[in-house]
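Here's the structure we're looking at; comments come further down.
The values are calculated or read from the model by the stated rules, or taken from the named source; none is laboratory data. Predicted, not measured: the structure shown is a model, and the values here were computed from it. Here the Cβ positions follow ideal geometry from the backbone for every residue, glycine too, while neighbour counts run over all protein chains shown. To get the accessible areas, we keep the full protein, side chains included, count just its heavy atoms, and leave off ligands, DNA and RNA. Shrake-Rupley method; radii C 1.70, N 1.55, O 1.52, S 1.80 Å.
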Amino acid sequence: IYGDSSGDPAALAVGSAGTFLKHDGTDVSWANAGVSYQAVVTGATTMVAGRGYFVNTTSSAFTMTLPASPSLGDAVRIIDYAGTFDSNTCTIGRNSQKIAGASADMTVTTERAGLTLVFTDSTQGWLLVEK
């Protein structure tokens with residue numbers, strides 16, 4: 001039991017495996033304790049914050065779309081599963097937010113690329129952790 005933003009008592013359900021209790025200055029909630037990697041992706045996908053994606057563009061180029069309503073610190077990871085981003089590019093769809101301060105999608109053409117994007121704010125949008 002905890003006091004929510006209005007001071008009313010509330011019960012917090014038990015978190016799932018791999019989560020931790022976080023406090024945002026007002027409320028408490030469960031959050032992912034790290035990146036949760038997904039099965040290999042072979043077609044266009046809308047990503048979810050806190051997840052990592054092994055992207056296989058062997059058959060064709062496609063777009064991995066960033067989450068629609070990101071919050072400060074939301075992160076996604078993308079890894080070139082088959083080493084084919086140089087021949088079949090992976091486009092990172094910005095989903096209305098900027099990427100590195102630009103109002104444009106990002107095209108990844110480096111074979112075996114691995115990158116993490118973290119959301120900052122509406123001015124800079126998603127920023128690369130590695131470069």
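Considering only region 25-131, what is the antiparallel percent among its DSSP beta bridges, to the nearest 5? Walk me through the intermediate numbers first.
Details: 12 of 27 bridges.
Roughly 45 percent of the beta bridges in region 25-131 run antiparallel, per DSSP.
Compare the peptides 65-72, 50-57 by average per-residue count of other Cβ atoms within 10 angstrom and give them in order, highest first. Kindly include the intermediate steps, with their values, before the conclusion.
Numbers: 65-72: 14.9, 50-57: 19.8.
In decreasing order of mean packing, 65-72, 50-57 become 50-57, 65-72.
Just read off the accessible area of Phe85 with the full protein assembly in place, 1.4 Å probe, to the nearest 10 Å².
0
Keeping every protein chain in place, order Lys22, Lys98 by accessible area at 1.4 Å, biggest value first, i.e. largest first.
Details: Lys22 90, Lys98 60 Å².
Accessible-area ranking of Lys22, Lys98, largest first: Lys22, Lys98.
Amide H of Phe62 versus every other amide H placed in the peptide plane: which residues, excluding those fewer than 5 positions away on the same chain, fall under 5 Å?
Amide H to amide H, under 5 Å and 5 or more residues apart or across chains, Phe62 pairs with Thr91.
Under the Karplus relation 6.51 cos²θ - 1.76 cosθ + 1.60, θ = phi - 60°, what is the ordered set of whole-Hz ³J(HN,Hα) values for region 105-116, x standing for Gly and Pro?
So the Karplus estimates, Gly and Pro as x, are 5, 10, 10, 9, 10, 8, 4, 6, 4, x, 8, 10 Hz.
For volume of the Cα convex hull per residue in Å³, the choices are (1) 114; (2) 97; (3) 134; which was calculated from the structure?
(1)
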